[in-house]
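J.: The structure under discussion is supplied below as structure tokens; questions concerning it will follow.
Where a number appears in this text, it was derived from the coordinates with a stated rule and is not lab data. As the structure is a prediction and not an experimental result, all values here were calculated from the model. Every residue, glycine among them, receives a Cβ derived from its backbone with ideal geometry; neighbour counts consider all protein chains shown.
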Amino acid sequence: MTGPVLAVDQGTSGTKALVVCPERGVIGSGFAEVRPRHLPGGLVDVDPEELYTSVLDAGHRALAEAREPVVALGLANQGETVLAWNPDTGRPLTEALVWQDRRAESVCEELAPHADELRDLTGLPLDPYFAAPKMAWIRCHRTREGLVTTTDAWLVHRLTGALVTDAATAGRTQLLDLDRARWSPRALDLYGLADERLPTVVDNAERIGTTKEFGPEIPLTGLAVDQQAALIAQRVTAPGDAKCTYGTGAFLLAPTGDTPSRGDSGLVSCVAWRLAGHARYCLDGQVYTAASAVRWLTDLGVIRGAADLDAVGATVPDSGGVTFVPALAGLGAPWWRGDLRGSLTGLGLDTGAGHLVRALCEGIAAQVAELADAAGADLGAPLETLRVDGGLTRSALLLQTQADLLQRPVEVSALPDATALGVGALARLGADPALTLADAMPDRKPAAVYEPRITADQAAERRGAFRAEVTALLDRAPA
């Protein structure tokens, strides 16, 4: 089947939609903003109807710009954001708890004796970041009515009437048996969710149903969690390479092949994708605040936005001894301390905006470098290259800092919307099973390659300063 597809990436701060033609590339695009609420105590939620409206608005704008019919629809989602909803009406019963939300800490505390068992079963550590603790919290504190699922299942149901989730998204719940890529009765029982009506776990590329929400009937044929979709767009499919997406957070994924890796580096193991019933796996590490940390600096008036990073950072040669641990929503992998708050140290009367910008870039890059090292440790060999995408890759300062601290080349994607392009590739594959995954993937040529400009000793010194501040945070915080 040939023809354009509509690829929709429903993200934390907005929804991006592309109309992608296999011969001509992107021929239409649309964007609709989403505004999550950040509340005291690490609470982050969003109105589910705003998510659905953003999907429709972005999709309609992309189609209007393309002015061509599409043959299939692909939908990418946030991954660990959950809500309760009425399956008869499709209406939400609760707000959506965003992946950054920490209110399910109490659930994790109660399950602490089973943490090792859950990690062995599902590949994921016990942490409120994942979907299952939030689902259990909703059942304990909000409602026993309706269904409780990740947002993708609700969006798909609203679009098509089907009750499904893809294997990669299901792998972000801590309810999926990692080795079998199906729901784990034991994990469900531990979370008190054994009696729930759960979505059917489907492949990432198959015909799910049809929707008329964008006009003429369109088959939905591609589903994926956002980071795995970007992995496909970046053509990172074999062990040895990794990709990192710099969005609201920064997320590094490294393929492990047909077998999940259960290393002790602190990274999680999850489904990369499942096609024709066959699962492929990857390691995954998370930096909870990247663009959201830049937005925080913007809200303070230090910069006017992400576009200012390079210009303001260029006003000084270095961070001036300032170290920033941007754990503004906690520390993710490999520490898994979502309860921690960030730190900004080494300040003086001579500290200016440029020093803060450079310290922020170093803080983000240092965390990503820790994730890359952890992936290399689990894989048994250092990563060769890091391929990067996402909005913050427009900052040359951030990417040069990343190459410097990583001491590896950093290849910048020429594809500004990798997640949407990745789920678009899955939609093509689901619409035309005669294609291979490689056939469906977009062409990939880096827009730029950043090489390290500092020595390994200098990189080690800068990363050592960052690690020292992380250690200080860990030492001060209650266990």
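J.: Tell me which of 351, 118, 104 sits at the most positive position along the dipole axis of the chain, charges placed on C-beta atoms (Lys, Arg +1; Asp, Glu -1).
T.: 351
J.: In what order do 178, 223 fall by count of nearby beta-carbon atoms within 10 Å, going from fewest to most?
T.: Lowest count first: 178, 223.
J.: Moving on to the next point. Excluding the sites themselves, what is the longest stretch of the chain that contains no trypsin sites (Lys or Arg not before Pro) in a DSSP loop with at most 16 other C-beta atoms within 10 Å?
T.: Between exposed loop sites, the widest span is 342-443.
J.: Tell me, 284, 88 in order of fewest to most beta-carbon neighbours within 10 Å?
T.: Lowest to highest Cβ neighbour count: 88, 284.
J.: Find out how many positive minus negative residues lie around residue 404, taking Lys and Arg as positive, Asp and Glu as negative, among other residues whose Cβ is under 13 Å from that of residue 404.
T.: Once positives and negatives cancel, what remains is 0.
J.: Write out the GluC sites (Glu not before Pro) in segment 315-403 meeting two conditions: DSSP loop, and at most 12 other Cβ atoms within 10 Å of their Cβ.
T.: Answer in residue order: 384.
J.: How are the Cα pair distances of segment 11-98 distributed, in percent, across 5 Å bins from 0?
T.: Over segment 11-98, the share of Cα pairs per 5 Å bin runs 3, 13, 21, 20, 16, 12, 9, 4, 2, 0 percent.
J.: Report the GluC sites (Glu not before Pro) located in segment 80-155 that are in a DSSP loop and have at most 14 other Cβ atoms inside 10 Å of their Cβ, or state none.
T.: The qualifying sites are 145.
J.: Using alpha carbons only, how many angstrom separate the centre of segment 76-103 from the centre of segment 223-281?
T.: What the calculation gives is 23 Å, centre to centre.
J.: What are the semi-axes of the equivalent ellipsoid of the chain, taken as the square roots of 5 times the eigenvalues of the Cα gyration tensor, listed largest first and rounded to whole Å?
T.: That gives 33, 26, 21 Å for the three semi-axes.
J.: Let me ask something additional. Would you mind ranking 245, 351 by Cβ crowding within 10 Å, fewest neighbours first?
T.: Listed from fewest to most nearby Cβ atoms, that is 351, 245.
J.: Using +1 at the C-beta of Lys and Arg and -1 at the C-beta of Asp and Glu, which of 12, 140, 31 has the Cα lying farthest in the positive direction of the dipole of segment 5-234?
T.: Farthest towards the positive pole: 31.
J.: Where Lys and Arg each count +1 and Asp and Glu each count -1, what net charge lies around residue 219 among other residues with Cβ under 14 Å from its Cβ?
T.: Net charge around residue 219: -1.
J.: Whole angstrom only: what separates the Cα centroid of segment 129-155 from the Cα centroid of segment 349-371?
T.: Distance between centres, Cα-based: 36 Å.
J.: Take the Cα pairs of segment 5-234, get the Kirkwood Rh, then feed it into Stokes-Einstein at 4 °C and 1.567 mPa s and tell me D in µm²/s.
T.: 73
J.: Calculated from DSSP H runs of 4 or more alone, at -39500 (n - 2.57) each and per residue, what is the 222 nm mean residue ellipticity of the chain, nearest 500?
T.: Mean residue ellipticity, 222 nm, calculated: -10500 deg cm²/dmol.
J.: Out of segment 204-240, which GluC sites (Glu not before Pro) are coil in DSSP terms and have no more than 16 other C-beta atoms within 10 Å?
T.: 213, 217
J.: Compute the distribution of all C-alpha to C-alpha distances in segment 259-367, in bins of 10 Å from 0, and list the percent of pairs in each, rounded to whole numbers.
T.: Binned Cα distances yield the sequence 14, 36, 25, 16, 8, 1, 0.
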